[in-house]
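The structure under discussion appears below in the form of structure tokens.
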Amino acid sequence: MLLNPAIIALNSGSLLVTAFAFYALYTALRILTHWNIQSGSELQLLLEKKTYLISTVFSYVLGFELFSLVLFIFTAEHMHDLFVGAMCAAGSLNANDYGYVALVVKIITFMICGVWMIVNHTDNQAHDYPLIRPKYKLLILLTVMIALDTILQIKYFMGLRTDVITSCCGIIFSGESQSLTGSAASLPTTATMLVFYAALLLTLRVGFSVVITGRGAALYGLLAGATTIISLAAVISFISVYYYQLPTHHCPFCILQKDYSYIGYPLYLSLLLAGTTGMGTGVVESLKGPKSLAKVIPILRKRFCLISLAGFLIFALIASYPILFTDFVLNS
Amino acid sequence: MITLLKNLLSEMIWLERQRFFLDFTLSSLWRRKGRNLSLLVVYSLVTFLLSSVIFFTHALRKEAVIILKDGPEMIVQRTVGGRHSLIPVSYIEKIKLIRGVSSVNPRLWGYYFHPASRTNYTIMVPENFSQPDDTVETGAGVLRTWGPLTDGKLYIRAHDGEAIVLKPINTMGEGTDLVSSDLILMSETIFRKISGVPAGYATDLSVTIRNQRESATISTKITRDLPDTRPILKEDIIRTYSSLFDWRGGYVIVLLCGTVLAFFIFAWDRATGLSAEEKKEIGILKGIGWDTSDVLMMKFWEGVVISVSAFLLGVITAYIHIYVTSATLFQHALKGWSTLYPNFSLSPAIDPYQLAILFFLTVVPYTLLTIVPTWTVAVSDPDQVMRH
Amino acid sequence: MIQLSAITKSFHTGKTNEFHALKGINLEVSLGEVIVFVGPSGSGKTTLLSIIGCMSRPTSGRIWISGQEITSLPERFAARIRRETFGFIFQNYNLIKGISVLENTMLPAYPLGGKYRLTKERAITLLDKLGIGSKIQEHVEYLSGGEQQRVAIARALINAPSIIIADEPTAHLDTRLAGQLLEIFSGFRKEGKTILIASHDALVFESAVVDRVIAMRDGSVVK
Ligand SMILES: Nc1ncnc2c1ncn2[C@@H]1O[C@H](COP(=O)(O)OP(=O)(O)OP(=O)(O)O)[C@@H](O)[C@H]1O
Ligand SMILES: [Mg+2]
């Protein structure tokens, strides 16, 4: 086990947040069993007050998840010289079986939390809490993810041994590797580029029609999710390579380093924002039904769709910049 | 287009609202100066302590890595009875025969105890010492601690009791102060005289390797050919140092756990035990039309103001403590070296990573702990205000 | 128009100390009316005003304000209606100490997020009209009772409400100041504002400003 300040910070923070999430979930479930919007009883008034507690807890959790994602990667980056063979976060995360799983779960948890906040926001716009049941049921999933994230993170850090020999980005993200990451790196560049830009254009096209006509939001949600995944594959396959200008270096982490002026942060953050609000757009659309939401949903749909589109545009700009403005050409 | 403008307008209203809340928060913090000041002081103090630990270990780690980076790829020591012993220079030829080794050099270094100042100095023969035999180059700490010189010269007792007089001619720069501070560089002849290392022997051997990746293979070959030696790889040393400093930082933070916990209890108590005055104020605000989320927003800003000021205050004072006053408060506790370095200075090295850790250790728990108490006052009934 | 139908309010429901503060109140108030609620202490006047003013929710019954049902609105909507429709004047003024007259007056406008400059201008105009324009930078704790009362009135008016709710507004005022207050109220009446007052004070319920006096006893309307 390693004991460094970052690990202590991450683990204790995650434990605290998990405790809060469970407390909020417990409160939410109690609200559901006694909920009666028609009543003006003292109990009902108290339950309505508690909805504020839950919203507050999870808006802080959302912020926490984002920070912990960043600090987690930072820490993996920083620890690389403790492991034989590690040159960046890719190697540290590979030092045991939990590293990458923890990272993926963290990202998913953040996105679910974001979508939950969007559902909650939608519900708050109506006079009669139309979504109280689905949204608090979704909290069960969210809380489980938060707990899972905490467990995996702790298992990862507890399981670290400085004497292990790990393999780093050069191997994990190389065409020869048989793993999922390896296959992302060995994707034929031209084809991946085509698929990536096609997906991006399609998403933007559908997005603009959602904004203008209000139709196709559900489709947009799906496309946004798919494009996020395709974009991640594209980062490994060629976007990162254009930043490194080294035809065989496919690492998705090195772009987070100072040497590349931290360009990875705006790149990933814009993608996360776009993906989360994009899926949120689809989810908001699927909440159509309650009469009290009829007026609100078109407004929210448009707002989240605009945010998501902005996110994808920023991502596309950052991703395309080195392709357009450097002499480096990647042939596969 | 019109809807877009409307959206923009609603965003502006949102911003304007935040400004109102922030304004009000600042004025109400100011109104309760005394109370908030004590919170701020304690909060900053905790941040200061944690920041100092983190900056310090980080700086030491960085320093060590920089020094080691310039060192040889591999060092070969000889062990006798499990302990480090002098190595015959004849081993050099044997190691040179191994494929992939580009050069092997003997290293001569050791310690000299100076009774007058009761300190240990590192004595060493650099690769090309071009000065006359009776002169030495010293680190910045040597002349400072040695005591009075006689005619500007150092009197040294050799291993056989003979007195040797050496003239310090050159003081090494302050840049790499931490390691070079206690160094005395001299010629090989003088070194052998002082230390008693016989000709034909060296302290250890430094090995340079053509291709870094082969270092592990070469190391096994050396132990096979020369069973009484122990090769040490540079990356192993860096790894050990890195984890040592990381671990030290973590360990100290665990030790500080009690302090930090006490602070959080204090903060929690603060947040729960609002004064009657403050509760009444929130009651009035709710009565005149603020809603729960407005009060929560105001309290959010309050948390931001307090946390940001405490964080900045703590971090800046810690920065001054570590890099300007050379960690006066816990030099001895953390450094684990001799007392030789009264004014070594660390080169400032702060990166976003350390700030993120500190933020996580202080602001995150503080914020989480104040959620429930804040909520409790925020949901107070607006009609309360009619019953005062 | 304000309509109340079968409003009840209970405290400590289901416990041994269960208490019914309001027992089936039916009431209609037309726009522009000035109404005074009278009745012995504990008869439920304050409770009724707080329910009409969206400060608390009735245990049962329904309320419409200008045709909109407000009975089971979640707090955030109730608060919105509260700050846009109602202005409150409390018995103890309930000003916030340590901040200026101006800031106190502007407080109800903060959650609306209007332009700071415009809000400030509005507050100054109001304070001028109420004759305390010279004291806007003063801290409220240094003001006299009558001045505090007028700051409270300015605060109640900052969001230009159509209904004014005043609970025992003359409790701490001498006859002269109470007379001035009633004059201010009669000004409101001319502007077409609806005014709901709870008061024990004969000076108030016998005043010419008042259109209707409603007597309460034990949580019910008796007249
Ligand atoms: N939060 C509460 N919990 C319990 N009882 C309450 C609460 N609020 C009001 N009551 C009770 O409801 C009754 C009506 O109170 P209310 O303040 O409306 O009377 P009132 O007519 O305004 O009296 P006064 O003239 O003295 O101001 C009182 O008996 C009071 O004790
Ligand atoms: Mg009363």
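Of note:
- One residue stands out among those in region B:219-237 that are among the β-branched types (Val, Ile, Thr), open to solvent by 20 Å² or more (accessible area, probe 1.4 Å) and part of a helix (DSSP H, G or I): the one that is nearest to residue A:162 (Cα to Cα), which is B:237.
Residue by residue, here is whether (1) in the same structural domain as residue B:364 (by TED's automatic domain parsing); (2) under 30 Å from residue C:164 (Cα atoms) holds:
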residue	(1), (2)
B:233	no, no
B:236	no, no
B:250	yes, no
B:276	yes, yes
B:279	yes, yes
B:297	yes, yes
B:319	yes, no
B:325	yes, no
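- Cβ pairs under 6 Å, 6+ apart, first in region C:164-187 and in contact (Cβ under 8 Å) with a residue 12 or more places away in the chain and farther than 22 Å from residue C:55 by Cβ, second open to solvent by 40 Å² or more (accessible area, probe 1.4 Å) and more than 16 Å from ligand 2 (Cβ to nearest atom): C:178/C:203
- In region C:29-48, the residues that are crowded, with 21+ Cβ neighbours inside 10 Å, near ligand 2 (Cβ under 9 Å from one of its atoms) and at positive phi: C:44
- Exactly one residue among A:110, A:83 is within 30 Å of residue A:244 (Cα to Cα), in contact with a helix residue (DSSP H, G or I) (Cβ under 9 Å, 6 or more places away or on another chain), surrounded by 20 or more Cβ atoms within 10 Å (Cβ to Cβ) and at pLDDT 90 or above, and that residue is A:110.
- Among the residues of region A:24-63, those identified as open to solvent by less than 60 Å² (accessible area, probe 1.4 Å), assigned to a helix (DSSP H, G or I) and of a type in the set (Val, Ile, Thr) are A:27, A:31, A:51, A:54, A:56, A:57, A:61.
- Residue in region B:87-94 that is in contact with a Gly (Cβ under 9 Å, 6 or more places away or on another chain) and part of a strand (DSSP E or B) present: yes
- Enumeration of residues in region C:18-49 that are near ligand 1 (Cβ under 8 Å from one of its atoms) and among the polar types (S, T, N, Q): C:41, C:43, C:46, C:47
- Selected residue (criterion: surrounded by the fewest Cβ atoms within 10 Å (Cβ to Cβ)) from residues of region C:1-28 that are at pLDDT below 90 and hydroxyl-bearing (Ser, Thr, Tyr): C:16
- Of the residues contained in region C:99-108, one or more are found to be closer than 22 Å to residue B:277 by Cα, more than 11 Å from chain B (Cβ to nearest Cβ) and buried (at least 21 other Cβ atoms within 10 Å of the Cβ).
- Across region A:31-52, the qualifying residues are those that are farther than 19 Å from residue B:374 by Cα and in contact (Cβ under 8 Å) with a residue 12 or more places away in the chain, and the one among them that is farthest from the other protein chains (Cβ to nearest Cβ) is A:32.
- The residues of region C:200-219 that are closer than 23 Å to residue C:1 by Cβ and either within 16 Å of ligand 2 (Cβ to nearest atom) or open to solvent by 40 Å² or more (accessible area, probe 1.4 Å) (or both), listed by number, are C:205, C:211, C:212, C:213, C:214, C:215, C:216.
- The residues listed here are B:54, B:92; of these, the one that is over 30 Å from residue B:229 (Cβ atoms), away from chain C (no Cβ under 14 Å) and in contact (Cβ under 8 Å) with a residue 40 or more places away in the chain is B:54.
- Residue that is farthest from the chain's Cα centre (by Cα) [pool: residues in region C:142-172 that are within 16 Å of ligand 1 (Cβ to nearest atom) and open to solvent by 20 Å² or more (accessible area, probe 1.4 Å)]: C:172
- Note on region B:258-296: residues that are more than 9 Å from every other protein chain (Cβ to nearest Cβ) and either acidic (Asp, Glu) or part of a helix (DSSP H, G or I) (or both) amount to 20.
- Residue in region C:177-200 that is touching a strand residue (DSSP E or B) at 6+ places or on another chain (Cβ under 8 Å), within 14 Å of chain B (Cβ to nearest Cβ) and more than 16 Å from ligand 1 (Cβ to nearest atom) present: no
- Within region B:368-388, being more than 7 Å from chain C (Cβ to nearest Cβ) and part of a loop (DSSP other than H, G, I, E, B) holds for B:379, B:380.
- Screening residue C:65 against (1) within 15 Å of ligand 1 (Cβ to nearest atom); (2) surrounded by fewer than 22 Cβ atoms within 10 Å (Cβ to Cβ); (3) touching a residue at least 60 places away in the same chain (Cβ under 8 Å); (4) under 23 Å from residue C:161 (Cβ atoms) leaves a single unmet condition, (1).
The values are calculated or read from the model by the stated rules, or taken from the named source; none is laboratory data. This structure is a prediction, so every number in the text was calculated from the model and none was measured. Note that each Cβ is placed from the backbone with ideal geometry, even for glycine, and that neighbours are counted across all protein chains shown. Heavy atoms of the whole protein, side chains included, go into the accessibility calculation; ligands, DNA and RNA do not. Shrake-Rupley method; radii C 1.70, N 1.55, O 1.52, S 1.80 Å.
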